[in-house]
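Shown next, in structure tokens, is the structure this report addresses.
Readers should treat all values here as calculations from the given coordinates under stated rules, not as data from a laboratory. Treat the numbers as computed from the prediction; the structure is a model and nothing was measured. With ideal geometry, Cβ positions are generated from the backbone for all residues, glycine too; neighbour counts draw on all protein chains shown.
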Amino acid sequence: MLQQTTFGAVAPRFEGFLTRFPDLGSLARAREDSVLAAWSGLGYYRRARNLRAAARKIVREHGGEFPRDPVMLRRLPGFGEYTAAAVAALAFGSRRPAADANVTRVLSRLYGIEGVAGTKEHREAVAARAEALLASGDPGRMTAALMDLGQLLCSARDPSCGVCPVAGECAALRRGDPERIPLRAGKPKPVRVYLAAACARRNGTVLLVRRRSSFLDGLWEFPSAEATTRNAAREILASKAQALRLSLDPGPLGTARHTVVNRRITIEVFSARPNPKSKIQDPKSRWFTASQLQRAAIPTLTRKIARAASFV
């Protein structure tokens, strides 16, 4: 959950997820929709699918016993080099170095490792320092300590050097420029996107369609259309609405904004009415009550559209 997501966003979801899926068996048996619903709002939904797929593989191929070897962990869905090393160190005491963004920042500053974070040379230099630290003592506690240090004190901006327990050893602090280390790759330029969405109501429910694409695949969303201009998004939505036998009102009933990585999305929500003489036949569509929507596998964007339409 913490991959590419802040602790503040994860904390409210973590306990609920474990309550719903307390062990590998329950996660392996769960329907994908149930897992996505429990993950709803955290984004990067491929992580949830991989988590379920990994549980199924562990139950099927390892008798329900979690592999301890980092090499075996790498064979599980969603386990890259870092995740395999982190799980092996934190759970099983492996001495394989695990350097996430927080650990990378701490070690780069502590030892004055120059370069751009994420490049091969920088990763190798950080891994060498981490491996040396894990050579003695408890590797799980050391790895966790480095992660916590980066999360709580050694932040990317305005680090709390005055209370840092290793400030006296920090090369970056001695130089007087800890925030400069490590260098970060430039962020992609923001891209403005316009999205038009249709909110069709019927007897206290709204119509959602299941998305089929590489992004947010399998999640429920309002009928919508994206484009580089507001008018183009409206025109595409009108065509989609016609296919769903919906009549769109001319003016938007609400607006919202949403950001995904570098995409800045301006949203217009239009009221829509189903044709009483023509039943919607789309098998990927479904009517949701407000309470069902709260429990469904929907992304944050869908929640924002529902709020803009004053449905929740």
Inset, instruction - Report the relative contact order of the chain, percent, no decimals, based on alpha-carbon pairs under 8 angstrom and at least 6 residues apart. - result: 16
Inset, instruction - Output ³J(HN,Hα) for the stretch 298-312: one whole-Hz value per residue in order, computed from phi by the Karplus curve 6.51 cos²θ - 1.76 cosθ + 1.60 with θ = phi - 60°, and x for Gly and Pro. - result: 10, x, 4, 4, 5, 4, 5, 5, 4, 5, 4, 8, 6, 8, 10
Inset, instruction - Along Cα→Cβ, 7 Å out, is where each label goes; now give me the distance between the ones at Arg75 and Asp138 in nm to one decimal. - result: 3.1
Inset, instruction - For helix 230-243, report the angle its Cα long axis makes with the longest principal axis of the Cα atoms of the chain; keep it between 0 and 90° and round to the nearest 10°. - result: 60
Legend entry - the stretch 60-166: GluC sites (Glu not before Pro) in DSSP loop, at most 16 other beta carbons within 10 Å: Glu65, Glu114
Inset, instruction - Give me the distance in nm between label points sitting 7 Å out from Cα along the Cα-to-Cβ direction at Glu179 and Ser26, one decimal. - result: 4.5
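Take every Cα-Cα pair in the chain and report what % of them are more than 27 Å apart. Walk me through the intermediate numbers first.
Working: 26780 of 48516 pairs.
Roughly 55 percent, rounded to a whole number.
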Inset, instruction - Please turn the phi angles of the stretch 245-255 into ³J(HN,Hα) values with the Karplus equation 6.51 cos²θ - 1.76 cosθ + 1.60 (θ = phi - 60°), one per residue in order, whole Hz, x for glycine and proline. - result: 6, 10, 10, 8, 6, x, x, x, 9, x, 9
Inset, instruction - Kindly express, to the nearest 10 degrees and within the range 0 to 90, the angle between helix 120-133's C-alpha long axis and the longest C-alpha principal axis of the chain. - result: 60
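Assigning unit charges at the beta carbon (Lys, Arg +1; Asp, Glu -1) and nothing else, what dipole magnitude in debye, to the nearest 20, does the chain show about its Cα centre? Each step should come with its number before you reach the end.
Details: 51 positive and 26 negative charges, 288 e Å.
Charge dipole of the chain: 1380 debye, to the nearest 20.
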Inset, instruction - Only Lys, Arg, Asp and Glu count, each charged at its Cβ (+1, +1, -1, -1), so figure out the dipole size of the stretch 16-73 about its Cα centre, rounded to 20 debye. - result: 180
Inset, instruction - Find the relative contact order for the stretch 95-186 and round it to a whole percent, using C-alpha pairs within less than 8 Å whose residues are 6+ positions apart. - result: 43
Legend entry - Degrees, to the nearest 10: 101-111 long Cα axis against longest axis of the chain: 30
Inset, instruction - Evaluate the distance, in nm, between pseudo-label points positioned 7 Å from the Cα of Arg273 and of Asn203 along their respective Cα→Cβ axes. - result: 1.9
Legend entry - Per-residue ³J(HN,Hα) for the stretch 162-170, Karplus 6.51 cos²θ - 1.76 cosθ + 1.60, θ = phi - 60°, Hz, x for Gly and Pro: x, 10, 6, x, 10, 4, x, 9, 7
Legend entry - Mean projection area, nm², convex hull over Cα of the stretch 1-66: 4.2
Legend entry - Cβ-Cβ FRET estimate between Gln4 and Arg212, R0 fixed at 22 Å, reported to 0.05: 0.40
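Looking at the stretch 24-89, which trypsin sites (Lys or Arg not before Pro) are DSSP coil and have at most 13 other C-beta atoms within 10 Å of their C-beta? Mind dumping the intermediate values first?
Numbers: sites: Arg29, Arg31, Arg46, Arg47, Arg49, Arg52, Arg56, Lys57, Arg60, Arg68, Arg74, Arg75; in loops: Arg31, Arg68, Arg74, Arg75.
Counting only loop positions with at most 13 other Cβ atoms within 10 Å, the trypsin sites (Lys or Arg not before Pro) in the stretch 24-89 are Arg31, Arg68, Arg75.
What is the calculated FRET efficiency for Glu226 to Val166, with r their C-beta to C-beta distance and R₀ = 51 Å, to the nearest 0.05?
On the way: r = 47 Å, r/R0 = 0.92.
After rounding to 0.05, the efficiency reads 0.60.
For the stretch 192-308, what ratio Rg/Rh do Cα atoms give with a Kirkwood hydrodynamic radius?
On the way: Rg = 13.3 Å, Rh = 14.3 Å.
Rg/Rh for the stretch 192-308 comes to 0.93.
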